[in-house]
Structures are given as structure tokens and as C-alpha cells.
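The values are calculated or read from the model by the stated rules, or taken from the named source; none is laboratory data. Note that the coordinates shown come from a computational prediction; the quantities given were computed from them, not determined experimentally. Cβ atoms come from the backbone with ideal geometry, glycine included; neighbour counts cover every protein chain shown. Surface areas here come from the heavy atoms of the whole protein model, side chains and all, with no ligands, DNA or RNA. Shrake-Rupley method; radii C 1.70, N 1.55, O 1.52, S 1.80 Å.
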Amino acid sequence: MSNASHSIKQGWRAAAATVLVLFCLQAQAEPLQVVTEDSSYSELRDGKVVGVASEIVEQTLAKAGVTEYHMALYPWARAYDMARLEANVLIYPIIRSAEREPLFKWVGELDQVTPMFYKLRERRDVVVKSLQDAKNYSVGVVRDDSRQEYLEGKGFSKMVVSSNNLDNLRKLLSGQVALVPLPEREAREQCADLHIAFEDLESVYTIDELSKGLYVALSLKTPDETVKRITAAFAQLKEDGTLAKVMAQ
């Protein structure tokens with residue numbers, strides 16, 4: 001090989017290495033998409049996503065050194081699909097289930113929730129003493145939510161699907177559905193949002209099988225180094241008591 005050929009070959013290698021470094025830097029600089037839904041844990045106020053879970057996520061990212069991110073509120077089905085299919089997506093709060101286990105990289109648990117079927121207290125015609133009884137009534141659910149998935153698996157055929165939690169409760173209030181499955185915290189928060197008394201609702205059956213942890217998770221295509229830093233930061237907030245203090249608000 002001549003000196004000229006050798007120099008050309010070295011030049012190509014150097015150029016290729018430069019391109020690779022630039023590509024890696026660009027990949028690392030890809031902003032993280034942080035997605036959630038309107039719930040008792042996260043809401044939009046004056047154009048900013050706030051709430052106890054949102055505060056924990058922001059503190060986690062700050063501690064992890066992640067400064068390039070965009071936090072936004074979406075209908076649950078869209079947020080879920082983004083986290084399931086795209087790269088560099090953080091989703092919260094999301095129920096961790098056996099079906100979802102392989103679909104995400106799990107960061108840590110925010111809270112424990114147990115949904116109950118709620119009806120309007122005035123509806124004396126709605127009597128639910130078992131899961132089987134609940135199948136006799138129309139049930140409001142949120143699209144692609146774990147409660148919809150669970151009830152479908154149990155053979156519920158009278159489900160009415162909404163895009164978000166508040167629309168689901170509105171359908172209960174208007175009589176479009178007879179039951180909605182909600183954890184108590186979520187039910188209280190939604191009643192406050194709609195300016196109705198929580199006492200207007202009555203819990204009629206606890207869905208113990210749906211007692212699960214609410215988590216922060218990352219999409220599978222999120223780089224392992226990013227996952228490691230965020231997971232470690234979340235663990236620190238849990239260990240020093242910040243997580244429990246914020247979530248108790």
C-alpha cells in the first residue's frame with residue numbers, strides 16, 4: 001500500500017470516527033419526553049404540569065442531571081402509546097402489571113392504589129356485592145387504562161370508554177354509566193374538579209385484584225445510561241424521605 005493510499009485510508013477512518021462521535025452526542029442530547037394524564041397526581045395549571053407525582057418526577061430528573069426534557073399532559077391512550085413505542089419517553093403514574101412488565105423500563109413506585117366501584121349515592125337501583133354483580137351495569141372506563149384491560153379480561157361487556165378521567169366521572173353524573181372504578185384519592189380529586197361533593201358518590205365494591213403500585217417508567221428505547229441515572233435518583237428521593245413527604249400532600 002502506498003503512503004498516499006495509507007493516508008487516504010486513515011483520513012476516512014478519522015472522518016468515520018468523527019461522524020460516530022457526533023451521532024452519539026446527538027443521541028445523548030435527544031430531549032426526554034415526559035408524559036402523563038390529568039389525574040389526582042398530575043394536572044395542568046396556568047400552562048404548567050403540576051401535582052405531587054409531577055413534583056417527584058421533576059426532582060428526580062434534576063438529581064439525575066437531566067435538564068433537557070419536555071413535560072406534557074395527554075389523554076392516557078396517547079401517553080401510553082408514546083411510552084410504549086417511542087424512544088426517550090418517561091411516563092407516570094403508570095400501574096405496573098404482569099402484562100406491562102416487559103413493555104417498559106421501570107424506575108420506581110410512587111404510590112399504592114386500590115380501585116373501588118363507585119355509583120351515585122342516590123341510585124338505589126344499583127346493587128353490587130360481587131364482581132359478577134357489576135357486570136349487570138354499564139361501567140365507565142378510560143381507554144387503554146389498566147382497569148379497562150382488567151374488566152375486559154373478566155368478561156365485562158357493558159363498558160363505556162372515555163379519553164380521560166373527568167369525562168368518565170361526568171358520564172356517571174349524567175347517568176350514561178352506572179359505575180366507575182376509581183381509587184379513593186382519584187375520586188375525591190375529580191369530585192373537587194367538578195365542584196360536587198365526594199359524599200354524592202358511594203363505594204359499593206373494592207376491586208382487590210387491581211390493588212397495584214403506581215410507577216414511573218421509561219420506554220424500552222431509552223438509553224440504559226439514562227435509565228440508570230434516573231432510577232438511582234428516584235431511589236435517593238425514596239431513601240431520604242422526600243418521596244413519602246411529597247406524596248402525602
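Is there any pair with a first residue in the stretch 128-139 that is within 11 Å of ALA178 (Cα to Cα) and a second that is open to solvent by 30 Å² or more (accessible area, probe 1.4 Å) and hydroxyl-bearing (Ser, Thr, Tyr) whose Cβ atoms are under 8 Å apart and which are 6 or more apart or on different chains, and what are they? Listed pairs, sorted by first residue: VAL128/TYR137; VAL128/TYR205; ALA134/TYR205; LYS135/SER157. The one condition from (1) buried (at least 16 other Cβ atoms within 10 Å of the Cβ); (2) at pLDDT below 95 that ALA192 does not meet is (1). With the requirement that a residue be open to solvent by 30 Å² or more (accessible area, probe 1.4 Å), without any contact (Cβ under 8 Å) to a residue 24 or more places away in the chain and not charged (D, E, K, R), what does the stretch 140-174 give you? Hits for the stretch 140-174 are GLY153, GLY155, SER157, MET159, VAL160, VAL161, SER174. Within the stretch 102-134, the residues that satisfy the criterion of being more than 19 Å from the chain's Cα centre (by Cα) and either open to solvent by 60 Å² or more (accessible area, probe 1.4 Å) or β-branched (Val, Ile, Thr) (or both) are ARG121, GLU122, ARG123, ARG124, ASP125, VAL126, VAL127, VAL128, LYS129, GLN132. Taking the numbered list (1) polar (S, T, N, Q); (2) crowded, with 17+ Cβ neighbours inside 10 Å; (3) assigned to a helix (DSSP H, G or I) in turn, THR222 passes all entries but (3).
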